[in-house]
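The values are calculated or read from the model by the stated rules, or taken from the named source; none is laboratory data. Keep in mind that this is a model prediction, so the values were computed, not measured. Here Cβ is always computed from backbone atoms with ideal geometry, including for glycine, and neighbour counts include all displayed protein chains. Please note that ligands, DNA and RNA were not included when accessible areas were found on the heavy atoms of the full protein model with its side chains. Shrake-Rupley method; radii C 1.70, N 1.55, O 1.52, S 1.80 Å.
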Amino acid sequence: MAPRKRVNVAKSVASPPRPGRKPKLGQHFLSDEFAPQIVDALGDIAGSTVLEIGPGKGALTGRLARRAQRLIAIELDRVLSAQLRMKFALAPNVEIIEGDILAIDFHTLFGPKPGASRPGLVQAPQKAHVVGNLPYYITSDILLRLFSFRQYLDRIVIMVQREVAERISAAPGGSDYGLLSATAQLYARVENLFTLPPDAFTPPPKVHSAVLRLTIEPQLDLLQVPEQKFIDFLKLSFGQKRKTLWNNLKPQFDGKQLRSAMAGAGIGADARAEALSLEKSAALFRALNGSQAKP
C-alpha cells in the first residue's frame with residue numbers, strides 16, 4: 001500500500017513540464033563521504049518533514065530517511081526516480097516524486113489536508129526543511145520558488161557552485177553583491193558553511209561547490225515595504241551593474257524627486273546599487289513612493 005500511496009501523491013503534486021523548457025539531465029552525484037556533514041547542517045530533523053531536491057542516487061536520502069519523520073524526494077530523472085522508489089519501497093516515511101521542483105504544487109505537499117481540522121479551526125502548517133544539490137542554470141529559479149512558498153519552510157541547505165554561493169552570501173559593498181544577494185537576504189539569513197572539492201561528486205565537476213544554509217527570516221515587515229513592488233525596485237536598481245544607482249533609476253523617476261530621495265536616505269549621487277544595504281534600499285524605496293510605512 002505504501003508504494004501505491006506515493007504514486008498517488010506524485011500524481012497530485014507534479015504538474016506537467018512547462019512547454020519549451022528543456023532541463024539538462026547531466027548530473028554530478030554526491031559521494032557518500034560528504035553526505036553526513038550536509039545532513040548535519042539541517043540540524044535536528046526528528047519529527048520534521050524534509051524536502052530533498054534532486055536526490056540522484058540517494059547519497060543523502062537514506063540518512064535523511066533515518067532521521068526525519070517524513071521525507072519527500074523530488075527527482076526529475078525518470079530512471080533515477082524509479083530506482084529510488086524501489087530502494088525505499090518499504091520505508092513508510094519516504095515519498096519519491098518524479099517531477100520538476102519548479103512545477104511542484106507546494107500547497108498540496110504541505111498545506112492543510114481535508115478533514116485535518118475541525119471547521120473554523122485554522123492550524124499553522126508544520127515547517128519543512130529543504131536540502132538539495134542545485135544545478136547552476138536554475139539556482140535562482142529554484143530559490144525564488146522556495147521563497148514564494150516560505151510559509152511552509154524553515155531551513156534550506158543547498159549545494160551550489162562556489163561562485164554562486166559567494167554571490168548569494170555576499171555583503172553589501174563588495175563586487176559579488178547583486179540582485180541575487182539582495183533577494184536571498186530579503187527572505188533568509190544566509191550562512192556560507194563550507195566548500196566541497198570537485199572529487200566530492202561523481203563525475204567530478206570542473207568547479208568547486210559550496211554548502212549554504214538559509215534560515216527563512218523575511219525582512220519585508222521590518223523594512224516596511226510591499227513585496228513585489230520592492231522586488232521590482234531592486235531589479236531596477238541592479239539593472240545595469242556598471243551604471244550608478246542614479247542612472248539605473250532616473251528613467252523611472254523624476255530627477256528632482258530622485259535627487260531629494262537619495263539625499264534624504266544618505267545615498268551619494270555616484271553610489272552603485274551594490275553599495276546599499278537592504279535597509280538603505282528600503283529607505284530609498286519608501287522615500288520615492290512617498291511613504292515611510294508599508295501599505
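Brief remarks on what is shown
- Accessible surface computed residue by residue for the chain, with neighbouring protein chains in place and a 1.4 Å probe, gives 51 Å² per residue.
- Entries in 235/280; 57/87; 229/280 that, when Cα-Cα distance is taken, lie over 18 Å: none
- Sum of -39500 (n - 2.57) over DSSP H runs of 4+, divided by residues of the chain (222 nm, nearest 500): -10000 deg cm²/dmol
- Förster-model FRET efficiency, 41 Å R0, residue 257 and residue 91, C-beta, rounded to 0.05: 0.10
- When a 1.4 Å probe is rolled over the protein heavy atoms, the share of accessible surface on the chain that falls to carbon and sulfur comes to 53 percent.
- Summing charges over neighbours of residue 269, with a neighbour being any other residue whose Cβ is under 12 Å away from its Cβ, gives +2 when K and R count +1 and D and E count -1.
- For residue 256, the aspartates and glutamates whose Cα falls under 19 Å of its own Cα, not counting residues fewer than eight places away in the same chain, are 270.
- Net charge dipole, the chain: roughly 700 debye, given to the nearest 20, about the Cα centre with Cβ charges of +1 for Lys and Arg and -1 for Asp and Glu.
- Theoretical gain in end-to-end length, residue 193 to residue 137 [0.36 nm per residue, Cα-Cα removed]: 18.0 nm
- Calculated FRET value between residue 105 and residue 46, using beta carbons and R₀ = 25 Å, to 0.05: 0.40
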